[in-house]
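Asker: Would you mind keeping the following structure in view while I ask a few things?
The values are calculated or read from the model by the stated rules, or taken from the named source; none is laboratory data. Just so we're clear, the structure is a prediction, and the values are computed from it rather than from any experiment. Glycine also receives a Cβ, built like all others from the backbone with ideal geometry; neighbour counts cover every protein chain displayed.
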Amino acid sequence: MALTWRAGALAALGAVFVGLVLPSWAGIAAVAAVVLAGVLLDVALAGPVRTLEFERSGDTTVRLGSTARVQLVVANPSGRRVRALIRDAWPPSAGLLGTPAAARSGNRLADPTIVQPRHAVTIPAGERRRIESVLVPTRRGDRQAEHVSVRSFGPLGLAARQRTMQSPWRVRVLPPFLSRRHLPSRLARLRELDGRTSLLVRGQGTEFDSLRDYTVGDDVRSIDWRATARRHIGDHYDVVVRTWRPERDRAILIVLDTGRTAAGRIGTEELGTDGVRLDACLDAALLLTALALRAGDRVDLLAYDRRIRTAVTRTAASQTLAQVTDAMAVLEPELVELDARGLVTTVLNRASQRALVVLLTSLDSAPMTEGLLPVIGRLTARHEVVVASVADPRIEEMARGRGDATAVYEAASAERARAERRHVADLLAKHRVTVVDQPPALIAPALADAYLALKAAGRL
């Protein structure tokens, strides 16, 4: 049972009556009896809430920052009308429109005590009503509504029957995939490598594609002399060249480091509400996955720190991007050090044939020199390896500071951090590792460019 403001107002009027008209215990008892009788009568006449039935429908997945709609159908099978106030309880990070949390989209640390919007509905006997909740999530992962709270008011409005009932629903919030805007330009370059555009750019792969007439600027090593000889007409020869296309159906394994370095702040919230390194890595991995699938390659995903957090392997090409995106949605950094030896062993066990291994991790000096560098040779001996790291833009800003003594010290610290990252990159390059080190806004297109360069060079 819940009391309303009207019950408080009635009690206040009774107190005034007692003070002015009947200032005695008898007056207090009379007013209390009237208020209590009104409350009990109101509760008795209120529509029942125990018999209400709930049914949900609507969106189950949504991109971070996009809008999801979830419907709640409330059925009243009883013989009395229910005049109720219904609260559909969602967590603050679900971004239920109408709450302060939704107005502050992008703020992960929303107040957990925020009151969700309430829906005033009247449900006649034997009928049902539909309530819609509009969500704009502010965080990746599964956002769940566990219960619904209902207050059924009596005709006097003094009190209400109240009950909280289970009505679960889950909305999975997927990564935003903001780097998709770079996909058309990379697909155009891929078509050039494949020789499908009017530019007739010769790819450097090893799969023969077709023959065409020689044009000025073609590599003379691509001339097919036998085909040229067959085009002998009188004293004239039509020189013919071979066109090639990059290899297809190559295996690509994207490995996400979900250890403590993935939780590092990178000075921006452009790619998600958290502004952590893992968000930018997920965005880069999605662009690479979409591009590689269009190139005809096979893509697998592995998330690892000290154990496998998630894995997507051997999926149909038409389902790979959707499954990879779904698996990424629930990934969160773990505050543990990456087990580099276990990572390398896991990759070697899963990729038995030669593949392109793309490791999205950090180039921090200590974790690299003590963890990955001693064992990276085992990986490069069998696979082509790319190490991609998200650089902190704040380091670049600090390196340019010269305003005062504090800024100079910060600049010196930033330069030292940059020098250490370059040193680690040089050590990886000595092991024949391709290194991509870019800030969050550039890491996705830079990784896609590195993939296309490897494909054009025939190294996959």
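Asker: What pairs come out if I take residues in region 361-384 that are touching a residue at least 24 places away in the same chain (Cβ under 8 Å) and pair them with residues that are polar (S, T, N, Q) and assigned to a helix (DSSP H, G or I) whose C-beta lies under 8 Å away, six or more apart or interchain?
Answerer: 361/261; 362/261; 364/261; 367/261
Asker: Return only the number of the condition from (1) more than 18 Å from residue 454 (Cα to Cα); (2) at pLDDT below 95; (3) crowded, with 20+ Cβ neighbours inside 10 Å; (4) in contact with a strand residue (DSSP E or B) (Cβ under 7 Å, 6 or more places away or on another chain) that residue 297 does not satisfy.
Answerer: (1)
Asker: Another question, if that's okay. Being assigned by TED's automatic domain parsing to the domain that holds residue 447, touching a Cys at 6+ places or on another chain (Cβ under 8 Å) and assigned to a helix (DSSP H, G or I): is that true of residue 262 here?
Answerer: Criteria met by residue 262.
Asker: Inspect all residues belonging to region 120-127 and state whether any of them is closer than 30 Å to residue 280 by Cα, modelled with pLDDT under 90 and not assigned by TED's automatic domain parsing to the domain that holds residue 282.
Answerer: So far as region 120-127 goes, no, none of its residues is closer than 30 Å to residue 280 by Cα, modelled with pLDDT under 90 and not assigned by TED's automatic domain parsing to the domain that holds residue 282.
Asker: State whether one or more residues within region 349-357 are in contact (Cβ under 8 Å) with a residue 40 or more places away in the chain, more than 23 Å from the chain's Cα centre (by Cα) and assigned to a helix (DSSP H, G or I).
Answerer: yes
Asker: Read through the list (1) under 44 Å from the mean Cα position of the chain (by Cα); (2) surrounded by fewer than 18 Cβ atoms within 10 Å (Cβ to Cβ), then give the number of the only condition that residue 37 fails.
Answerer: (1)
Asker: Please enumerate the residues belonging to region 119-161 that are in a strand (DSSP E or B), farther than 30 Å from residue 36 by Cα and among the hydroxyl-bearing types (Ser, Thr, Tyr).
Answerer: Residue satisfying the conditions is 133 alone.
Asker: On the basis of being farther than 23 Å from residue 375 by Cα and in contact with a Ser or Thr (Cβ under 7 Å, 6 or more places away or on another chain), does residue 331 make the cut?
Answerer: Answer is yes for this residue.
Asker: So which residues in region 59-77 are outside any loop (DSSP other than H, G, I, E, B) and closer than 30 Å to residue 49 by Cβ, if there are any at all?
Answerer: 68, 69, 70, 71, 72, 73, 74, 75
Asker: Those residues that are in contact with a strand residue (DSSP E or B) (Cβ under 9 Å, 6 or more places away or on another chain), surrounded by 13 or more Cβ atoms within 10 Å (Cβ to Cβ) and not basic (Lys, Arg), I need them from region 399-426; list them, please.
Answerer: 424, 425
Asker: Here's a follow-up. Right, residue 447: surrounded by 17 or more Cβ atoms within 10 Å (Cβ to Cβ), assigned by TED's automatic domain parsing to the domain that holds residue 344, under 26 Å from residue 258 (Cβ atoms) and in contact with a Leu (Cβ under 6 Å, 6 or more places away or on another chain) or not?
Answerer: Against the criterion (surrounded by 17 or more Cβ atoms within 10 Å (Cβ to Cβ), assigned by TED's automatic domain parsing to the domain that holds residue 344, under 26 Å from residue 258 (Cβ atoms) and in contact with a Leu (Cβ under 6 Å, 6 or more places away or on another chain)), residue 447 qualifies.
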